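The values are calculated or read from the model by the stated rules, or taken from the named source; none is laboratory data. Not measured: the values here are computed from a predicted model. Positions of Cβ are generated from backbone atoms using ideal geometry, with glycine treated the same way; all protein chains shown enter the neighbour counts. Each accessible area value is taken on the protein alone, full model and side chains, heavy atoms only, with ligands, DNA and RNA left out. Shrake-Rupley method; radii C 1.70, N 1.55, O 1.52, S 1.80 Å.
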Amino acid sequence: MEQVRDGFKHLTDFLDLRMGTLRSRLDGYESSTASCRSCGQFAVVLDTGAWDLTCLLCARQYGTGEAAAWEFVGSSKHVSITDGGGDLNGCSSCGAYSVISTPLASSPGEDSWICFDCGSTYEGVCTFCDQAAELVRDMDMCGDCYEIRLGNF
């Protein structure tokens, strides 16, 4: 056990040192940085709209925002639709279907809704149109769906 403990001490020291060198690249992006599925560190910056999302710490490549979002939920679009499910939630900012709920560096203890294509964060997803958007207070729907529903009365 002593050897294992000593090994972990060196590993944590290395992670602290490496994350310290990345701090300048991560500062200011806390609300759009997810934890890597490989190394577990908050080092995947999502707000760039990149086609090649990569963990800044371990260099794990995720590909497009949509591919990364599917990997983060542990499935694929093909498997989801084949099993009778659907696509990921849509983003009201960029239109991509790559919005999921995951912990971010700004709030690691709770899940946040974020678009893996543009990095926009949302308070929730509309239960009627499945678009991530700012929801009407005390309701689970976006402003557009609320207007449509209200117009029916």
remark   = With a 1.4 angstrom probe the carbon and sulfur portion of accessible area for the chain, in percent, totals 51
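How much net charge surrounds Ser112 when only the other residues with a Cβ under 12 Å from the Cβ of Ser112 are counted, with Lys and Arg +1 and Asp and Glu -1?
Net of charged neighbours comes to -4.
Put Asp52, Asp117 in order of accessible area, largest first, 1.4 Å probe: what do you get? Could you put the intermediate results ahead of the total?
Details: Asp52 105, Asp117 40 Å².
The ranking, largest first, comes out as Asp52, Asp117.
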task = Measure out, as a whole number of angstrom, how far apart the alpha-carbon centroids of the stretch 10-64 and the stretch 81-148 sit.
result = 23
request  = Hey, can you grab everything whose amide H is under 5 Å from the amide H of Asn89? Only 5+ residues off in sequence or another chain; H modelled, so Pro and N-termini drop out.
outcome  = Val99
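Give me the accessible area per residue for the stretch 62-107, probe 1.4 Å, as a whole number in Å². Intermediate values should be presented prior to the final figure.
Details: 2040 Å² over 46 residues.
Per residue, the stretch 62-107 has an accessible area of 44 Å².
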message = Can you give me the solvent accessible area of Leu17 with a 1.4 Å probe, rounded to the nearest 10 Å²?
response = 120
ask   = Once every DSSP H run of n ≥ 4 in the chain is given -39500 (n - 2.57) and the sum is divided by its residues, what mean residue ellipticity at 222 nm do you get, rounded to the nearest 500 deg cm²/dmol?
value = -10000 deg cm²/dmol
ask   = What does the chain give for Rg and for Dmax, in Å, if only its C-alpha atoms count?
value = 18.4, 71
note = When the chain is treated as a Gaussian network with springs between alpha carbons less than 10 Å apart, the largest mean-square fluctuation among Asp138, Asp130, Asp16 is found at Asp138
message = Give me a comma-separated list of calculated 3J(HN,Hα) values for the stretch 69-81, in order, Karplus coefficients 6.51, -1.76, 1.60 applied at θ = phi - 60°, integers in Hz, x for any Gly or Pro.
response = 4, 4, 5, 5, 7, x, 8, 9, 4, 4, 5, 4, 6
remark   = The extension gain from Ser107 to Ser80, computed as 0.36 nm times the residue separation minus the Cα-Cα distance, is 6.9 nm
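Under 1.5 on a/c is rounded, so check that first for the stretch 78-153, then, if it is not, pick prolate when a/b is larger than b/c and oblate when it is not; a ≥ b ≥ c are the square roots of the alpha carbon gyration tensor eigenvalues. Don't skip to the end; give the middle numbers.
Numbers: a/c = 2.02, a/b = 1.25, b/c = 1.61.
Oblate shape, in that a/c is at least 1.5 and b/c is the bigger or equal ratio.
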